[in-house]
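J.: One structure, as structure tokens, below. Some questions next.
The values are calculated or read from the model by the stated rules, or taken from the named source; none is laboratory data. On a predicted model such as this, the values are computed, not experimentally measured, just so you know. Counting neighbours? That spans all protein chains shown, and the Cβs are built from the backbone with ideal geometry, glycine included.
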Amino acid sequence: MRTCGVEITGSDVLLCILTKDNDVFDIRDIRQTRFTLGNGNDTEVMRKFQFDFAKLMQDYQIDSVAIRQRAPKGKFAGSANGFKMETAIQLIKELDVYLFSTTEVKEQLKRNPIPIDFAETGLKKYQENAFVNAYVHLMKKTYRSEEL
């Protein structure tokens, strides 16, 4: 299972690729850990973002993408660009995209705490939430398959 955890903040998409094979996790190096939505013609900018993101996922043979949902309103509301980027990712035909609420993430982490301190992962601090999203998705897939 190869999952790309995604954290969307403002005009940035932050990435972390995590694999799990026989209960062993592996954090994969990736040539691009961040996409920033550019300025210009809105349609062209979104198409370029979607194409570039899809190409990266294809190059790294990603099975699924895990994104934490942002609130549509309130103190922690997502930006318009964030929702556009989330939608562009969801519309990539070749990807299975999963959205998790903050509550789901917290529940999964309570059931299955991350077995390593984040500082020991070798990732950049800004990738932490993307890492957590990927981990939560892999744990949900693992325990969902055991229930079947």
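J.: Quick check on region 16-29: of everything there that is farther than 12 Å from G122 by Cβ and among the aliphatic types (A, V, I, L, M), which residue is modelled with the lowest pLDDT?
T.: Ranking the candidates gives V24 first.
J.: Another question, then. Out of the residues in region 71-91 meeting the condition of being at pLDDT below 70 and of a type in the set (K, R), tell me which one is farthest from Q58 (Cα to Cα).
T.: K75
J.: Would you point out which residue out of K140, K124 is surrounded by 16 or more Cβ atoms within 10 Å (Cβ to Cβ), in contact (Cβ under 8 Å) with a residue 12 or more places away in the chain and under 29 Å from F49 (Cβ atoms)?
T.: Going through K140, K124 in turn, just one is surrounded by 16 or more Cβ atoms within 10 Å (Cβ to Cβ), in contact (Cβ under 8 Å) with a residue 12 or more places away in the chain and under 29 Å from F49 (Cβ atoms): K140.
J.: Here are the criteria: (1) in a loop (DSSP other than H, G, I, E, B); (2) surrounded by 16 or more Cβ atoms within 10 Å (Cβ to Cβ); (3) not aromatic (F, W, Y). Tell me which single one E86 does not satisfy.
T.: Going through (1) in a loop (DSSP other than H, G, I, E, B); (2) surrounded by 16 or more Cβ atoms within 10 Å (Cβ to Cβ); (3) not aromatic (F, W, Y) one by one, E86 breaks only (1).
J.: Quick one: which strands (runs of 3 or more DSSP E) lie wholly within region 1-63 and hold at least 3 residues that are farther than 20 Å from K141 by Cβ, within 13 Å of the chain's Cα centre (by Cα) and touching a residue at least 12 places away in the same chain (Cβ under 8 Å)?
T.: Of the strands (runs of 3 or more DSSP E) lying wholly inside region 1-63, those with at least 3 residues that are farther than 20 Å from K141 by Cβ, within 13 Å of the chain's Cα centre (by Cα) and touching a residue at least 12 places away in the same chain (Cβ under 8 Å) span 12-21.
J.: Also, I was wondering about something else. In the set D29, D59, D52, D12, which member is in contact with a strand residue (DSSP E or B) (Cβ under 9 Å, 6 or more places away or on another chain) and closer than 17 Å to E94 by Cα?
T.: Result: D52 is the single residue among D29, D59, D52, D12 that is in contact with a strand residue (DSSP E or B) (Cβ under 9 Å, 6 or more places away or on another chain) and closer than 17 Å to E94 by Cα.
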